[in-house]
Every structure is written in structure tokens, then in C-alpha cells.
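The values are calculated or read from the model by the stated rules, or taken from the named source; none is laboratory data. Bear in mind that the values here come from a model prediction, so they are computed numbers and not experimental data. With ideal geometry, Cβ positions are generated from the backbone for all residues, glycine too; neighbour counts draw on all protein chains shown. SASA here: full protein model, heavy atoms, side chains in, ligands and nucleic acids out. Shrake-Rupley method; radii C 1.70, N 1.55, O 1.52, S 1.80 Å.
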Amino acid sequence: MSIQITQIENRPIGIFDSGVGGLTVVKEIFRVLPYEEIVYLGDTARVPYGTKSSESVKRFSIENFEFLLRFNVKMVIVACNTASSTSLPILRNRFKIPIVGVIKPGAERAAGLTKNGKIGVIGTATTVKSKAYEKEIKRICKTVKIVSKACPLFVPLAEEGLLNGKITFDIAKYYLNPLVRKRIDTLVLGCTHYPLLKKVISRVVGKDVKIIDSASSVAEEVANTLRSNKLLSSESRKPANSFFATDAVEQFVKVGKRFLGKKISKVKKAILS
Ligand code: DGL
């Protein structure tokens, strides 16, 4: 009998989110790192995280992380903005494998792109309350002015597939007009769901405002982290990716297709404890 030992660099990358939203990050990982195998966990039983307290989100994040460790993952991507903005320090303290969150890549890109020094940040209520983007952007550039706004209705609109049309446009105007009035020239989409609404958002803020969808910056950061830790997959393979959801697996498959841009063939139910 031969025992196969998987080399560390060929182990999967773990990714978690509160639900389907993190699939926007997975889509970019597939594009930038096609040979990497992923294990994805969507915590659909407890979504949304964006309206929960940071204490609860921290606890959920630890449990999600522990679930992914069962698959011998070589690193973890916290694809959820709410989880990243509240839980990265506690996760980094507790777990010793590389962890990439979604705040820093988006913040760096925004700080690098703004010309007038006025950046808008939109996200869930918990993300905005945490001020994680503000702190990260200010760390890079002290003089920048940041205007943040929670846009809670964007999450259900994206999940319902209401990506265009009057209702979505009116809600976007309601949320974003105060930022337009502050003359932001850069807008960070600080939530997994907002890239789906990019067209409407862009119509409201105007074509001169640069919109930052952090998913692509995250994929670059993941590639850099793997490279610097010598963890890039050494095989040119078609990886066997796995998808898990903590509840409503069929709904995950249905809605997930819109976020990933293709069908997810198999989603398994995850039992966390
Ligand atoms: N994934 C969450 C985020 O990026 C949005 C959905 C939720 O509130 O759980 O913040």
C-alpha cells in the first residue's frame, strides 16, 4: 500500500464568508491562480454578519476557521468584509498559517488611486462601525478624508438578483448622494455583494469616480502571500475544489451561480462543531 503525502504547497486554500458573497473573491482566485485548489465555506445558517455584533462575528469566524483547518489548508482567505473588519487580529493571534483579509488590498488601492484625497467607503453596518477601512487607509495616507456609509439594502438586492432597474437605482441614490455631495473621487465597495451592483453604483456616483472592487486586489495579495511563503501550487492541475454551506445548500447553489459567474456542481452541508 502506498501512502500519499500531499506536499504543503499543493494543499488547498481555505476561504470563508458569511454566505455566497465570498464567491466574488473565489471568481478572482480562479482567474489569477487557476492551479490552486480551494475549500469554500459559506456560513448560510448565520448570514447576514453585517447586522451582528462584532463579538458574534468573531466567534463565527473562529468556528469557520476551525472547520477549514480540518482540510489541512495551507492558508485562509477571510472573504467577508464584515469578518475581516472585526476578526483578523483575533484569528492571526490564534492560528499560525497565513491569513489574507479583504480590507488591506482595497484600502491600499484606494489610497493609491485618489487624486483629490476624498475616498468613500461603503459596507455593512458592522463593517462601517468597525472603522477598519478608515484605519487602514489612514495608516497609508494620514491626510486623506474618508466618508463611510452603511448600505444594508444592497445585500438583499444583490441576492434577489435586482441588479438594475428603478428600485435599485433609487436606493443607490439614497445611500450614495451624500458621498457624491462630499465630492469623493474614489469609492471602495467594502462588501462582497456590491460588485454585482457596480453598474448602478457607477451610474449614481458618475463615471469620474473610481470604483474599487476589492476582490481582484485580494487575489493579487493572495498570490503574493503564497509566493513569499513558498506555498504556490507546484502542479499545473485542474483542482478538485470543494464548496460547503452551513444551511440551505440548494439556495446556495442557485444564488451562488450569480456571484461566481458559473454553476457550482456540488455543495455539501457543513457541520461546524
Ligand atoms: N459578506 C458580507 C460582507 O462582505 C455581506 C453579507 C453579510 O452581511 O453577511 O460584509
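Summary table below
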| quantity | calculated |
| --- | --- |
| Which numbered condition Val57 fails, given (1) part of a helix (DSSP H, G or I); (2) over 17 Å from Ala83 (Cα atoms); (3) open to solvent by less than 10 Å² (accessible area, probe 1.4 Å) | (2) |
| Exclusive hit being crowded, with 24+ Cβ neighbours inside 10 Å, more than 16 Å from the ligand (Cβ to nearest atom), under 29 Å from Cys141 (Cα atoms) and not charged (D, E, K, R), set Ile90, Ile77, Ile119 | Ile119 |
| Residue in the stretch 249-267 that is at pLDDT below 95, of a type in the set (Ser, Thr, Tyr), touching a Phe, Trp or Tyr at 6+ places or on another chain (Cβ under 9 Å) and more than 23 Å from Glu66 (Cα to Cα) present | yes |
| Arg227 vs. criteria more than 16 Å from the ligand (Cβ to nearest atom), surrounded by fewer than 17 Cβ atoms within 10 Å (Cβ to Cβ), within 30 Å of Gln7 (Cα to Cα) and over 18 Å from the mean Cα position of the chain (by Cα) | yes |
| Exclusive hit being among the β-branched types (Val, Ile, Thr), closer than 20 Å to Ile77 by Cβ and surrounded by 12 or more Cβ atoms within 10 Å (Cβ to Cβ), set Val218, Val249 | Val218 |
| Scan of the stretch 135-169 for residues that are in a strand (DSSP E or B) and open to solvent by 80 Å² or more (accessible area, probe 1.4 Å), ordered by number | Lys145 |
| Complete set of residues in the stretch 204-215 that are over 18 Å from Gly261 (Cα atoms) and surrounded by 15 or more Cβ atoms within 10 Å (Cβ to Cβ) | Val204, Val205, Val209, Lys210, Ile211, Ile212 |
| Residues satisfying the stated conditions in the stretch 11-49, i.e. away from the ligand (no atom under 12 Å from the Cβ) and open to solvent by 10 Å² or more (accessible area, probe 1.4 Å) | Arg11, Pro12, Lys27, Glu28, Phe30, Arg31, Val32, Leu33, Pro34, Tyr35, Glu37 |
| Members of the stretch 170-200 found to be within 16 Å of the ligand (Cβ to nearest atom) and in contact (Cβ under 8 Å) with a residue 40 or more places away in the chain, listed by number | Tyr175, Leu187, Val188, Leu189, Gly190, Cys191, Thr192, His193, Tyr194, Pro195, Leu196, Leu197 |
